[in-house]
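No lab work stands behind these numbers, since they all come straight from the coordinates. Just so it is clear, the model here is predicted, and its values are computed rather than measured. Backbone-built Cβ (ideal geometry, glycine too); neighbour counts: all protein chains shown.
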Amino acid sequence: MKKKKNTERFRECAIRWREQAARVKLLMKESKIVEVFIQAQEETYYQHLLPALGKPFIEVLKMGEMIEEGINTGRILSFATLKAITQAIQKGFRKCWGDKE
């Protein structure tokens with residue numbers, strides 16, 4: 001299954017993903033679809049969606065939209081942002097102590 005595109009909203013990705021999953025495995029239980037969908041998410045979404053295991057797909061969709069809104073408003077830091085901040089701090093620390101990169 002394809003991952004979320006940078007320009008794609010979470011809802012669009014989730015609906016596209018669910019439609020593809022239905023075509024691939026018609027008999028797949030919803031709980032399994034939710035499990036595989038959560039496993040396919042990038043780190044930030046994965047971490048925040050884990051509590052949704054066992055819930056209906058529509059609830060996972062709603063949670064994902066709230067996570068997306070949190071990332072967009074800065075209330076949730078993405079792992080990519082945390083990594084960039086950490087690297088910037090480490091780089092600044094090395095410069096302060098005269099270490100070479």
Self-check item: Separation of the ILE58 and ALA80 label points, Cα + 7 Å toward Cβ, nm
Solution: 3.1 nm
Practice problem: Report the full-extension gain for the segment GLU42 to ARG23: residue separation times 0.36 nm, less the Cα-Cα distance, to one decimal in nm. | Solution: 4.5 nm
Quiz item: Sorted by packing (mean other beta-carbon atoms within 10 Å per residue), highest first, where do 65-75, 31-41 land?
Solution: 31-41, 65-75
Quiz prompt | Cα-derived Rg to Rh of segment 10-76, Kirkwood definition | solution = 0.97
